[in-house]
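The block underneath contains the structure these notes are about, expressed in structure tokens.
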Amino acid sequence: ILTELFGREKTYDDMKERGLIEFMPTSFIRGQTWNDAVIIMDEVQNMTFHEIDSVLTRIGTNSRIIATGDLRQTDLVKSKHDVTGMAKFMRIAEAMDEFSTIQFTRDDIVRSEFVKSWIIATEDDDDNDEAQRREL
């Protein structure tokens, strides 16, 4: 992604070598405090609330967090303990002055026309399923 953004093949390697960028799984963040940092929490729909909370409680002074995710694409559906924490995170974030939220719509899909058509058809089908459940 950095190569695409900056047009230089070694951008990630250079930034990593200089200590400007670091990837860290949530299982390795205990004891961390991130000051003067931009934290990107990607694929939040695949994080439990405990994992999200673990990241947020490590944010130090002069830091920002960017959280991305799509509830429709969660992989966490195995058991009652393995559920996405994104919905709860969004409710809490929207109640806090420190957060701004942006919700994308169908018009924001840019991956490809096929993906856009697929997502729209899937959402429409989900809406039809929900309407049928209400009728029962």
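The values are calculated or read from the model by the stated rules, or taken from the named source; none is laboratory data. Computed from a predicted structure; not experimentally measured. Every residue, glycine among them, receives a Cβ derived from its backbone with ideal geometry; neighbour counts consider all protein chains shown. Calculation scope for accessible area: heavy atoms of the full protein, side chains included, ligands and nucleic acids excluded. Shrake-Rupley method; radii C 1.70, N 1.55, O 1.52, S 1.80 Å.
Key figures
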{"quantity": "Per-pair calculated FRET efficiency, R0 = 22 Å: Asn46 and Thr101 via Cβ, rounded to 0.05", "calculated": "0.75"}
{"quantity": "Share of carbon and sulfur in the accessible heavy-atom surface of the chain [1.4 Å probe, %]", "calculated": "51 percent"}
{"quantity": "Residue among Asn46, Ile120, Ile21 farthest towards the positive dipole end of the chain, charges placed on Cβ", "calculated": "Ile21"}
{"quantity": "Sites Glu94 and Thr57 - FRET efficiency at Förster radius 22 Å, r taken between beta-carbons, to 0.05", "calculated": "0.75"}
{"quantity": "Spin-label model distance (nm) - Asp75 vs Asn35, 7 Å beyond Cα toward Cβ", "calculated": "3.6 nm"}
{"quantity": "Solvent-free Debye scattering, log10 I(q)/I(0), computed from the Cα coordinates of the chain at q = 0.11 Å⁻¹", "calculated": "-0.57"}
{"quantity": "Cross-link reach list, aspartates and glutamates versus Lys10, counting only Cα pairs under 20 Å and skipping chain neighbours closer than eight places", "calculated": "Glu22"}
{"quantity": "Rg/Rh for the range 59-120, where both radii come from Cα atoms and Rh is the Kirkwood radius", "calculated": "1.04"}
{"quantity": "Accessible area per residue in Å² at 1.4 Å probe, computed on the chain", "calculated": "81 Å²"}
{"quantity": "All aspartates and glutamates inside 17 Å of Lys16 as judged from Cα atoms, apart from same-chain residues fewer than 8 positions distant", "calculated": "Glu4, Asp36"}
{"quantity": "Rough spin-label spacing in nm, given labels placed 7 Å along Cα→Cβ, for Thr68 and Asp124", "calculated": "2.8 nm"}
